[in-house]
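To start, the structure under review is shown below, and the notes come after it.
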Amino acid sequence: PISQTRALVRYVLSWIWLLPPLAVMAPFNLGGGEMAVLTIGWVIVWALLSRFHPLQQFWHDALAGTRLVSTQPSVKI
């Protein structure tokens, strides 16, 4: 289980997905297509960087000390 504080930290750190492209776009008055390419490109790079983490976590999870856990639903027969 995750505490509210840790969940908030994870949420704030998850903005790493969008803040860098937004910061780059602000001073340049880019068009919609250029903004989309820049944002999508950054998201792809950020997602690929997770493959370099030892546990293959996204970096905002690693920095927040959280991790995603997959579970299988229990099947009742």
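The values are calculated or read from the model by the stated rules, or taken from the named source; none is laboratory data. Quick caveat: nothing in here was measured; it's all calculated off a predicted structure. Note that we place each Cβ from the backbone using ideal geometry, even for glycine, and neighbour counts take in every protein chain shown. Protein only, heavy atoms only, side chains kept; ligands, DNA and RNA dropped before computing areas. Shrake-Rupley method; radii C 1.70, N 1.55, O 1.52, S 1.80 Å.
Points to keep in mind about this one:
- Here the calculated FRET efficiency for Ser14 and Thr71, from their Cβ-Cβ distance with R0 = 25 Å, stands at 0.75, rounded to the nearest 0.05.
- Proximal charge balance of Leu68 [Cβ under 12 Å; K/R count +1, D/E count -1]: +1
- Gaussian network model of the chain, Cα within-10 Å springs - most flexible of Leu18, Leu55, Leu38: Leu55
- Percent of Cα pairs exceeding the 21 Å cut-off, where the set is the chain: 45 percent
- Carbon and sulfur %, accessible surface of the chain computed with the full protein complex present, 1.4 Å: 69 percent
- Karplus-derived HN-Hα couplings along the stretch 2-15 (A = 6.51, B = -1.76, C = 1.60, θ = phi - 60°), whole Hz, x at Gly and Pro: 10, 7, 5, 5, 5, 5, 5, 4, 4, 4, 4, 5, 5, 5
- By a 1.4 Å probe calculation restricted to protein chains, Phe58 has an accessible surface near 60 Å², given to the nearest 10.
- Per residue accessible area in Å² of the chain, where ligands, DNA and RNA are left out and the probe is 1.4 Å: 81 Å²
- Helical runs assigned H by DSSP (4 residues or longer) give the chain a calculated mean residue ellipticity at 222 nm of -16500 deg cm²/dmol, each run adding -39500 (n - 2.57) before division by the residue total.
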